[in-house]
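Sending over a structure as C-alpha cells; questions will come in a sec.
The values are calculated or read from the model by the stated rules, or taken from the named source; none is laboratory data. This one's a predicted model, so the numbers in the text were calculated from it and none came from an experiment. Reconstructed Cβ throughout: ideal geometry from the backbone, glycine too, with neighbour counts over all protein chains shown. Ligands, DNA and RNA are excluded from the accessible area calculation, which covers all protein heavy atoms including side chains. Shrake-Rupley method; radii C 1.70, N 1.55, O 1.52, S 1.80 Å.
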Amino acid sequence: MIAYATTFNNLSGNAAKESDILKIVKEDVLRMLRERKKKTSIGIIKDEIKVAHALIYEALEELERNGLIAIQENSISLTDLGQESAKNILEKHLVLEDYFEKTRRKIEAHTAAHIIEHYVSGEVINNIKKLSTLKMGGVPLTKFELNKEGVITDITFSDYRLFERIVSMGIFLGEKIIITNEISRGVVVKIRNKKFALDKIIAEAIKVVEYERY
Amino acid sequence: MKDIKILLIGQPNVGKSSLLNALVGPKVTVSNYPGTTVEITKAKKSFNKIGIEFVDTPGIYSISDRSEEEKVTERALFEEEADGVIVIADATSLERSLYMTLQILEAQIPTVLALNFVEDAEKKGIRIDCERLKGILQVAVIPINPLTKKGIDTLVDTVAKIKRIPKRIFTIEYDDHIESAIHKISSQTEKTSMPKKFISLRALEGDEDFYKYLMNDKIIREAKESLKEHPKVAEDIAITRYGTASFITEKVTRMIPLEKEKKSQEEIDRVLLHKISGPLATGLSLLAIFGILLYLGNLTQGVFTSLTESLLSSLAPAKHSIITMVLVNGLTGLALGVSIALPYVFLFYLFLGLLEDTGLLSRFTVNAEWLLKKMGLPGKSFIPLALGLGCTAPATRATRVLASENEQFHTASLFAFVPCSSRIAIIMGIVGFYGGMTLALSVFVTSFAAGLIWVFGIKKVIEIRSEPLLLELPPYRKPLIKNVFAKSWIRMRDFVYIVIPLLVLGGIVYGILDMSGIIHVVVEPLLPVTIWLGLPTVIIIPIIFGFLQKDLTGAMLLSVLGSEISLALNALQIYTFGVATTIGIPCMIALGMLIREFGFKRALVLTITSIVYGLLFAGLAWRIISII
C-alpha cells in the first residue's frame, strides 16, 4: 500500500519551499487519481493528502491549467494527458519500492523508494526499472569483467562517511559503470565520463550487473 | 564601501586556482598558508572601489568532516565570516557539483554558481540551460572560462552584490520522518548565525562538530531512536540529496548525441594505469625529473659560487675586521641560498605543479600506492613524500591529506629519509662536488636503505589502519603555464623570505662565535659523536648549525675546514659526513612544524630518535665499508 504525501505532516515549519512542495502535491494527486481509477471528490483528496487545503487547491488549479485533470463540480478525473503523466509517477514509485525490497528490509525499501521517487532522474529510474526485473542483486565490482558496461545495483558500507563520500563523487545506484583498468590494489572505473581509482575493499562493496542482461 | 570576503569552493581539479588567478591576476599579493592541497589561499583586489578578498579552499566533494580537506573547508565556511561563496561547478558532471551546492544552500550562505568546463561539456554533447538552473536554485548561474576570462567580469559584478540571500531559495524536502526529526532537533538548538535546519541535518548526519550547538546531547539520540523507518538516516539524507541533485541536473541538461569522442586519453591511461608499465613509467619519470634537478642544481651552484668568489676577491677587504667577516659570511650564505632556491626548490615545485595540472600526479599516486602500501602507508602519502623532496616543513603540513593521525605521523617520520632540497644540496654540493658523483649516489642509496629498515621496523611496532584508495583521476589537460608558475612561486615564497635571510644571519652569527672563541666550548662535550663518525672534531659545528637551518651545513663546513675540503677529509669521511647530515629530521623549522602537527612530545621523540638513528647508521656504514 502506498501512503500519500506523508511528506507533509510537518508542513508548518517549511514555508519557504512552496514550489517544491507543490510539485510533490501535484504528483501525489495524479498518482492517487490513477490508483483509484475513478472520479474522486476533493474531499477524499483532502483526507488522503494531509497538507494545507490551500495547497491542494493550488495544486488542483495548476493541474487543470496544464490539462492534466478535469474538474466537474466536485468530482475530479484524469485527462488522457494526465493518465499518461500519472502512469509514469506511479510506475516510478512502484519500480523503486520493488527494487529496494530486493536489497533492503521491507520497511526500509518503502522509505527509500518514497524518499527518492520525487527526485531521481529518469535515466537512473529506467536503469533501476530494468534491474528490478532481474532476480539477482549483481556481483561485486571486483568480480566484474574488464571493459564491460555494467549498472550499479547496490552500495553497502558500514561506514556512513565513506558511503556519503562515494555518493557525492557521483557513484550512485543505477549509474552505468565500466572497469577501464585493473590496478594492483583495485580497479579504475569510469562513470559518466569521470574516472575513479577504487580500492579492492570499496570495489567489493559496490554491486553491479551486466548492462546487456536487460 | 566596505570590503567583502568570498570563498571559492569546488571539487578537486574543478579549476579553483585558475579562477583565482583569472580573478585577481598574478600581480596581486597572495598570502598563503603553506602546505599542499590542504591550504587556504587568500587574495585581495579592488573592483570599482569595492575590495574583494577571495579565499581559495581545498577541493572537496561534500561538506562533511571525513578528510582534512573537508574539515579545512568546513571551518572556512563557518569561521571565516565570509559574505558569500562562489561554487565552481563542473559542467561535465553537474550533479556532483550540485550535491555540494545544495549543502551550501542548506546552510543559507549567499551563493553564486560559476559553471566551468562549459566548452568541454559541449564537446561531450552536454548543454546546460543556465537560466533554468538559476530559476530552480534561485541563485545566479554564470558560465565561466578562467583561461579565456569569459564570464569573469559578470562573476565579479554579481559577487559584488552578493550581500543577501534571496528569500525563495531552493531547499531539499526530505522524507517526512526525517523532516520531523529535523524539526524536533531544530527546536532545541542554541542560537547561532547558522540556520537551525542545517545544524539539525549535520547532527543527524553524525557530524559531531555540530553537537555543540545542541542544548543537550540527548536530543540527537532521541531523534535517531524515533526514526525507526530510517535505521540509516545519514545514508538516506545523502541519497535524497544526490537524488535531488541529479533530478535538477536532468531538468536543465540537454544531451546531443555525438560521434565517438577522442580515444587518446584512454590510450595514455592504458599505459600509465597498466599493472607493469604504469609503475615503471612513474618510476622513470620521477627519476628523470630528479636527474634534471640535480644536473641543473650542479650547474647553478657552480655559477653562483664562482660569482660570489670573484665578487669577494674584488672587494679585497682588509683582514680580520668585523665588517669583512659580516660581508664574507653574509654573501656566502646568500649565494648558497639562491643556488639552492633556484634549482632545487623553484624547479622542483614547477615540476610538481606541471604534474598536478596535467593530471599525471593522480596516476602516479595510483601507481605508487602498491609500493607505499607495502610500507604500511596509504597511496595518498605519495603527495607529502614528493613534497618532502622540496622542503620538509610544508610537506609535514601536507600530511594532513591523510585520514588518521597514525598515518600522518608514520609518513612524517619518513621525512628523516626523504632528502629535502637543502639535504640534496649537501649531497650534491659537498659530497658530489668534493668526492665525486659515485660518492653522492651512495649517500642517496644509504639513506634509502636506512629508510627501508626504519619503515619495516615501525610497521612491526605500530598497527596502522590505512584508508582505502578512493581517488578521482582527472582527464589529461594542457596546463596553463602562467598558473603553474604562480603556484610554484606561492610555494617557494617562504623559502625566499625566511630561509635565505636565515642563511645570511647564520653565517654572520657563526663568524661572531668564532671570533669570540665561544665555539670551542660547544665542540668539547660532543667529542664522542665525532669519534664515532671518524671525523675531525670541528665537524660537529656544521652538524649543529645544520639543525638550525640545514643549508648552513655546507656554509659552516666551508667555514671550519676552508674551501679545500678534499684535503681535510678523505672520500670515506666525506661520505660519512653526507650520511650523518642527511638522515634525520633536518632542522628547527621542520621540528617546529612537527610540534604544530603532532604535539611537543611526539615531535621531539621523532626528531631525536631519527637524528641518533642517522648518526648511528653513518658510523656503522663507514665501519662496514672500511672492512670491505
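Could you give me the residue pairs with C-beta distances under 9 Å whose first residue belongs to region B:273-290 and is away from chain A (no Cβ under 11 Å), whose second residue is crowded, with 18+ Cβ neighbours inside 10 Å and among the charged types (D, E, K, R) wherever it lies, and which are 6+ apart or on separate chains?
What qualifies is B:281/B:363; B:282/B:363.
What tally of residues in region B:64-81 results from selecting those that are open to solvent by less than 10 Å² (accessible area, probe 1.4 Å) and either modelled with pLDDT of 85 or more or of a type in the set (Asp, Glu) (or both)?
Matching residues across region B:64-81 total 1.
Read through the list (1) within 8 Å of chain B (Cβ to nearest Cβ); (2) outside any helix (DSSP H, G or I); (3) not charged (D, E, K, R), then give the number of the only condition that residue A:163 fails.
Evaluating residue A:163 over (1) within 8 Å of chain B (Cβ to nearest Cβ); (2) outside any helix (DSSP H, G or I); (3) not charged (D, E, K, R) leaves (2) as the failure.
Open to solvent by 30 Å² or more (accessible area, probe 1.4 Å), assigned to a helix (DSSP H, G or I) and away from chain A (no Cβ under 12 Å): is that true of residue B:342 in this structure?
Yes; evaluated as a whole, the condition is true for this residue.
Of all residues in region B:108-127, which are open to solvent by less than 40 Å² (accessible area, probe 1.4 Å) and more than 14 Å from every other protein chain (Cβ to nearest Cβ)?
B:109, B:110, B:111, B:112, B:113, B:114, B:115, B:116, B:118
With region B:62-164 as the region, which helices (runs of 4 or more DSSP H) entirely inside it contain at least 3 residues that are of a type outside the set (Ser, Thr, Tyr) and touching a Ser or Thr at 6+ places or on another chain (Cβ under 8 Å)?
B:68-79, B:94-106
Then there is this: Checking the conditions here, which among B:268, B:220, B:276 is open to solvent by less than 50 Å² (accessible area, probe 1.4 Å), β-branched (Val, Ile, Thr) and either out of contact with any strand residue (DSSP E or B) (no Cβ under 7 Å at 6 or more places or on another chain) or farther than 21 Å from residue A:190 by Cβ (or both)?
One residue alone meets the criteria, B:220.
When you check residue B:547 against the structure, is it touching a residue at least 24 places away in the same chain (Cβ under 8 Å), open to solvent by 10 Å² or more (accessible area, probe 1.4 Å) and under 32 Å from the mean Cα position of the chain (by Cα), yes or no?
yes
Here's the yes/no breakdown for (1) open to solvent by 40 Å² or more (accessible area, probe 1.4 Å); (2) modelled with pLDDT of 75 or more:
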| position | (1), (2) |
| --- | --- |
| B:454 | no, yes |
| B:462 | yes, no |
| B:470 | no, yes |
| B:484 | no, yes |
| B:505 | yes, yes |
| B:513 | yes, yes |
| B:524 | yes, yes |
| B:541 | no, yes |
| B:551 | no, yes |
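Return yes or no: is residue B:84 modelled with pLDDT under 80, among the small types (Gly, Ala, Ser) and over 17 Å from residue B:472 (Cβ atoms)?
No, not satisfied.
Under 8 Å by Cβ, and 6 or more places apart or on different chains, what pairs join a residue from region B:406-422 that is of a type in the set (D, E, K, R) with one that is open to solvent by 10 Å² or more (accessible area, probe 1.4 Å)?
B:407/B:464; B:407/B:466; B:407/B:467
Take residue B:556 and tell me if it is open to solvent by less than 60 Å² (accessible area, probe 1.4 Å) and at pLDDT below 85.
When the stated conditions are applied, residue B:556 passes them.
Output the residues belonging to region B:169-220 that are facing chain A (nearest Cβ under 9 Å), of a type in the set (Val, Ile, Thr), farther than 17 Å from residue B:100 by Cβ and out of contact with any His (no Cβ under 9 Å at 6 or more places or on another chain).
B:182
For region B:385-418, which residues satisfy the criterion of being within 30 Å of residue B:573 (Cα to Cα), in a loop (DSSP other than H, G, I, E, B) and open to solvent by 10 Å² or more (accessible area, probe 1.4 Å)?
Those that are within 30 Å of residue B:573 (Cα to Cα), in a loop (DSSP other than H, G, I, E, B) and open to solvent by 10 Å² or more (accessible area, probe 1.4 Å): B:389, B:391, B:417, B:418.
When you look at residue B:164, is it modelled with pLDDT of 90 or more, open to solvent by 70 Å² or more (accessible area, probe 1.4 Å), within 30 Å of residue A:24 (Cβ to Cβ) and more than 31 Å from the chain's Cα centre (by Cα), yes or no?
So residue B:164 does not fit the description; no.
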